[in-house]
Structure formats: C-alpha cells, structure tokens
Amino acid sequence: MAKAIAHRGPDGQQTWLAPSGLCGLAHRRLAIIDLSAAANQPMLARNGRYALTFNGEIYNYVELRQSLVQEGATFATRSDSEVLLEALVRWGPAQTLPRLIGMFAFALWDEAERRLILARDPSGEKPLYYRERLGELHFASELKALHAADQNGWSINERAISHYLSLGYVPNPFTIWNEANMVPPGHWLSVDANSTRMSTAYWQSPFRVDSERYSDGPEESLLYLLRDSVKLRLRADVPVGVFLSGGIDSGLITALAAQSAATKICTFTVGFGQKFDSGSDETAAAAKVAAMYGTQHTELRLSPDISSLLEQAGAVIDSPLADPACLLTHAIAAETRKHVPVVLNGEGADEIFSGYRRHLAVHWTSRLGLQGKIGRSLATAVDRILPRDNRFRSAYAFARRTVRGLALDESSRYLVWGADTFSDSDKTALTDFPSVSTASLVADRLSGLGTRDPLRRFMALDFDMAMADGLLPKLDLGTMAHGLEGRCPFLDHRLIAIASSYRHNALLADGQTKAPLRRIAVRLLPENAASAPKKGFELPLIEWINGPLRELVRDLCLAADGITGTILRRSSVEALLDRRKPMSDDRWSRCVYSLVSLANWHRHHA
C-alpha cells in the first residue's frame with residue numbers, strides 16, 4: 001500500500017504494527033516541518049497507547065503547542081504531527097478537530113480501546129478512502145493503495161459513472177468503485193475492533209447554514225483573515241513558492257506572502273507554446289505583480305506533448321475527472337517541484353466569493369424574475385430561435401447557455417450552467433446500464449437548503465460538490481504525483497465563514513464577480529489588475545480533438561476492452577465522435593473529453 005503512493009512522500013517510508021496485531025499503519029513522508037528523523041511517522045505517543053499517521057499540515061500548530069504546554073505537555077520534536085497527536089490524546093477528536101486550521105487526513109489508533117479514528121479537513125483538501133472486506137478495514141490517501149492491499153472483488157459503481165457523465169466528476173458520497181467509501185469532508189469516523197462504525201460531523205459548510213449576520217461593509221476583517229491565512233501557510237522548514245497566474249486571487253496571495261515572509265518569496269508563472277491558446281497567457285500580468293513585490297520570479301515555459309501528458313495524467317488520476325485542466329496541473333506541478341516542495345495557490349476563491357459567470361447569471365436572472373414559470377416559458381421560446389454559436393467560450397455562447405438554462409428547472413439549470421455535458425436523456429441512450437438522474441441528485445441536494453436564495457443555493461452546490469469532488473482532487477492528485485504540496489489560503493475555514501456572510505450585492509457589486517476581493521486588490525495590486533475580468537486558461541479542446549488527439553480519442557473511446565461494450569454503447573459513442581447530433585462546439589468538446597477521461601481512467605485502473 002505504501003509503495004502505491006510513494007509519489008506522495010518521496011522522503012521516506014515507515015511502518016508500524018500494534019502489539020495486539022489488530023492494526024498496522026504505513027506512512028510515506030513528504031518532509032516539510034521538522035525535517036529530522038524524530039518527526040517520522042507513524043508517530044507514537046510516549047505511553048505507547050496511541051499511534052498516528054497523518055497527511056497534510058496543521059498550520060496553527062505553534063499556537064496549539066503553546067496551549068498544550070500550558071497544560072503540562074512536553075514535546076520531543078518541532079513537528080505539527082506531534083502537536084496533533086498530543087492534542088488528540090489530551091482533548092479527544094471532538095474537541096481537537098474544531099480547533100485545527102489546516103488541511104489533513106489522519107488515522108489515530110487507540111491500542112487500549114482497540115479503536116481507530118479516521119478524520120478529514122473541513123473543505124476536503126486531503127482525500128481519505130476506506131474499504132471493508134473479509135473482516136478487514138483498509139484506508140488510504142488514494143484508491144491505488146486500496147487496490148494494492150486487495151485486488152479482488154472490485155466492481156465499477158454504475159451510479160457513479162452516470163453522475164460523472166453529467167457533472168464531470170464523481171459526487172460524494174459515491175466513489176468510482178462500489179467497494180470503496182470516502183470519509184466526508186468535515187467528518188471523523190470511529191471504528192472499533194468489532195467493525196462498529198460511527199460517523200460524526202464536526203464542521204458544516206456555512207453556505208448550508210442560515211447566516212446570523214450579513215455584511216456589505218469594508219473589507220478590514222476580510223483582509224486581516226486573508227493575511228493571517230497566508231502567513232500561517234508560509235510555515236515550513238523548506239522553500240515555499242506561490243503559483244502566480246496573473247489573476248487577482250493568486251496576486252493577492254503573492255502580495256500578502258511577500259509582506260509577511262522573512263525572506264524573498266518564490267513565484268511561478270506558466271506560459272505555453274503554440275499548442276495552447278496564447279490569448280489566455282497571463283505571464284505579463286503576473287510579471288507586474290512579481291516586480292511590484294520583488295519576488296524571485298520564475299516563468300516556466302511548457303510545450304508538452306498532449307498525448308504523452310494524457311497518458312501520464314491517466315496513471316495518476318484514479319477516479320475520472322473531466323476537467324482538462326488536470327493535464328496542466330500535472331505538467332505545472334512537475335516543473336514547479338524542481339524548485340520548491342510547497343506552493344500556495346488561489347483555489348477556492350471563485351467558489352466562496354462568487355467568481356464565476358454563472359454566479360452573475362443566477363444573481364441577475366433571479367433579480368429580474370426570470371427564474372419563475374413565466375421566465376421559463378419565455379426562455380423556451382427564445383431558445384428555439386437563437387442561432388447556435390460555434391465559437392469556443394464566446395460571450396454569445398455563454399448568453400446562449402444562460403437562456404437554455406432558464407428554460408429548465410433549477411436542478412437541470414445548475415447542470416447546464418455548470419458542467420453542460422450529458423443530460424439525463426442523453427445518458428439513457430449512452431450507457432449500457434440503467435442510468436440514474438443527476439438532476440434528481442442535484443434536486444435532492446437543493447432540497448436540503450430550504451428557502452435560501454438562488455445564488456446561495458448554487459454556491460452551496462459549488463462548494464460541496466464541484467469544488468470538493470472536482471477541483472480539489474485535481475489539485476491534490478496533480479501536485480502530490482510529484483511530491484509537491486499545494487496549500488490553499490482561501491480555504492481557511494475562518495475565511496469561508498466570512499465569505500458566506502456577504503450579501504449578494506456586496507459579492508457582485510458593479511456587475512463584477514468577487515467584488516470584496518477586487519476592492520482589496522485595488523490597494524495591493526498593480527493598476528487595472530482589480531478590474532480585469534476573470535480570464536482562466538482556456539485549452540483548445542476542439543483543435544486538440546480534431547487534430548493531434550483525433551486518433552488517440554477514437555482508440556481510447558472505442559477500444560474493444562475499454563468503456564464501449566462494458567460501460568457505454570458503441571453506437572452512441574461513435575455517434576458523438578462523428579457529431580451526428582447537432583451540438584455547439586463548446587458542448588461537444590466537453591462531452592468528448594469527458595469520455596476520453598473516463599476511457600483513460602478505465603485503461604489505467606479498471
């Protein structure tokens with residue numbers, strides 16, 4: 001199992017077996033804090049009763065250590081692992097977990113009570129899977145390790161596949177395998193020697209909770225928390241860098257990191273060759289921020305072979321992800337790891353501060369009363385007469401999709417405005433098994449949100465599903481494949497709480513997304529950076545699929561021992577690849593790539 005995830009921890013491996021023989025722990029180490037051998041894991045409490053294996057970082061370990069020392073604790077290392085272990089022993093998981101600021105997945109064994117605790121951070125930055133079979137419980141950071149423990153008895157989860165086809169990721173609580181489970185974000189799981197399990201939530205997304213206060217005012221509290229979040233995530237005994245894309249999210253992190261760090265910050269920007277869309281290149285904007293703060297700036301120029309990159313990413317991603325940015329994350333991480341083992345990034349800002357165009361669409365169509373029956377009837381009529389747009393991600397294409405979504409119910413609208421791939425009716429013809437309704441799954445998630453307004457409902461789904469199950473696995477798998485630790489300052493649970501308290505007019509002021517962050521950016525970033533629209537690096541999927549990837553796409557999707565004939569119907573896959581059904585270029589390329597990613601996963605892992 002440890003060998004299967006050696007890439008996550010290139011700095012060493014340790015194993016431990018409990019005296020009772022009931023529990024064995026293995027750990028692959030990525031040494032970040034206290035590089036000495038004394039900080040190796042699995043780590044034992046002094047009395048030998050407890051053993052810990054822990055993936056991630058506890059950023060406020062210094063403050064927690066001070067509290068523990070005041071209670072009489074002594075420490076043999078400078079590591080956050082020992083602080084976590086001591087806190088769990090003294091305070092227990094129920095009291096410890098809410099006090100942690102960090103990203104983590106850990107297992108704690110109590111030899112006296114013959115009990116195992118599995119726990120995961122609030123946002124789900126670090127994964128934690130488990131499988132019960134033949135009286136044994138296996139758990140690991142990646143599904144690969146569970147397969148290494150026992151290769152028998154695995155079966156593909158057809159419901160997970162069906163939802164993947166509509167969302168582009170497998171939504172919790174499903175996993176791609178029927179036999180594998182996932183500890184949910186913000187939960188801890190207790191398992192005793194009799195296999196009695198109890199799951200406990202210690203944190204809940206504030207987007208799912210009625211806020212007791214709303215804020216329209218100045219951003220001083222937000223700036224203070226963001227500064228503290230960045231400062232805590234600079235804690236390391238190794239060099240720390242920042243992914244600097246040129247947008248306001250990474251720009252703010254760079255600015256605050258440069259102001260807080262004792263030494264010069266390393267920043268990394270990626271530019272690509274002509275195989276990529278040069279119109280999305282943000283190296284010039286990033287260079288201005290780097291110059292403003294005097295960072296040690298490195299511009300990484302990549303011209304990767306797309307077919308080779310697809311092959312590499314397929315081996316890493318052990319659950320299908322239809323976001324082609326997975327390829328870039330993999331390539332960027334490989335280059336960045338040559339310089340630093342830790343990198344801060346801006347992931348999560350769009351989800352908690354309304355950073356997507358669909359958030360503007362939800363806000364304005366709701367305010368204009370277009371989400372009711374009259375609006376749906378009007379949108380249905382307009383949708384029939386609007387010409388299709390074949391330009392990739394154009395403003396008109398987005399407006400066209402907005403109209404198409406307005407003609408649907410709320411759950412189907414979320415799918416169209418978000419993933420926009422296979423509808424429930426599409427899947428009926430595509431799958432070789434009875435498909436399940438993803439719109440019904442979304443409707444069920446929405447029903448738990450009560451009467452909250454439309455934007456908050458969308459943001460809750462973005463946070464709990466699209467981010468936790470799509471965005472964060474992409475980041476974790478892509479970076480950890482190269483032993484690179486990615487830290488997300490915007491996913492500090494204190495920041496999430498304050499972001500969820502903003503009124504919509506404050507989040508989307510002046511017709512722009514992320515208005516609170518833009519107001520801070522005016523003070524900290526170069527002129528005009530705060531007002532720049534969200535750019536995002538757009539991959540030329542259509543050109544790839546019709547060009548260098550054409551043969552590989554067909555080989556992957558139509559292989560006799562692949563997804564056709566076992567998961568999907570060959571005739572339907574061929575019809576999609578041949579574009580027999582009218583569909584915009586944008587949506588067609590999304591649908592095709594989702595099948596490519598599924599086929600690539602199947603070839604490497606099924």
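The values are calculated or read from the model by the stated rules, or taken from the named source; none is laboratory data. Note that the coordinates shown come from a computational prediction; the quantities given were computed from them, not determined experimentally. Here the Cβ positions follow ideal geometry from the backbone for every residue, glycine too, while neighbour counts run over all protein chains shown. When the accessible area is computed, the model is the full protein with side chains, heavy atoms only, and any ligands, DNA or RNA have been set aside. Shrake-Rupley method; radii C 1.70, N 1.55, O 1.52, S 1.80 Å.
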Over the chain, with every protein chain in place, what whole percent of the accessible area is carbon and sulfur at 1.4 Å, could you tell me?
-> 50
Arrange the residues LYS427, LYS581 by how much accessible surface each exposes, largest first, with a 1.4 angstrom probe.
-> LYS581, LYS427
In nm, to one decimal, how far is the modelled label at ALA497 from the one at THR196, with both set 7 Å along Cα→Cβ?
-> 3.3
Name the aspartates and glutamates eligible as straight-distance cross-link partners of LYS3: C-alpha to C-alpha under 13 Å, and not fewer than 8 places from it in the same chain.
-> ASP11, GLU142
What is the distance in Å between the Cα centres of segment 306-327 and segment 1-39?
-> 27
Relative contact order, percent, of the chain when contacts are C-alpha pairs under 8 Å separated by at least 6 residues?
-> 17
Cleavage-rule hits (trypsin sites (Lys or Arg not before Pro)) in segment 56-108: DSSP loop, at most 11 neighbouring Cβ within 10 angstrom | none
With only helices counted (DSSP H, runs n ≥ 4, each -39500 (n - 2.57)), the per-residue ellipticity at 222 nm for the chain, to the nearest 500, works out to -12000 deg cm²/dmol
Taking only the alpha carbons of the chain, the radius of gyration and the largest Cα-Cα distance, Dmax, both in angstrom, are 23.9, 74
Solvent exposure, largest accessible area first (probe 1.4 Å, DNA, RNA and ligands not counted), of ILE385, ILE352 = ILE385, ILE352
Based on the alpha carbon coordinates of segment 104-228, what radius of gyration and maximum Cα-Cα distance (Dmax) apply, in Å?
-> 18.3, 58
Of the listed links LYS126/LYS474; LYS231/LYS474; LYS126/LYS338; LYS373/LYS427, those spanning more than 19 angstrom between alpha carbons are LYS231/LYS474; LYS126/LYS338; LYS373/LYS427
For ASP11, the net charge from surrounding residues (Cβ-Cβ under 14 Å; K, R +1; D, E -1) works out to +1
Counting other Cβ atoms within 10 Å of each Cβ, which GluC sites (Glu not before Pro) in segment 31-108 have at most 13 and sit in a DSSP loop?
-> GLU71
Loop-located GluC sites (Glu not before Pro) in segment 508-606, at most 14 other Cβ atoms within 10 Å (DSSP) = GLU527, GLU538
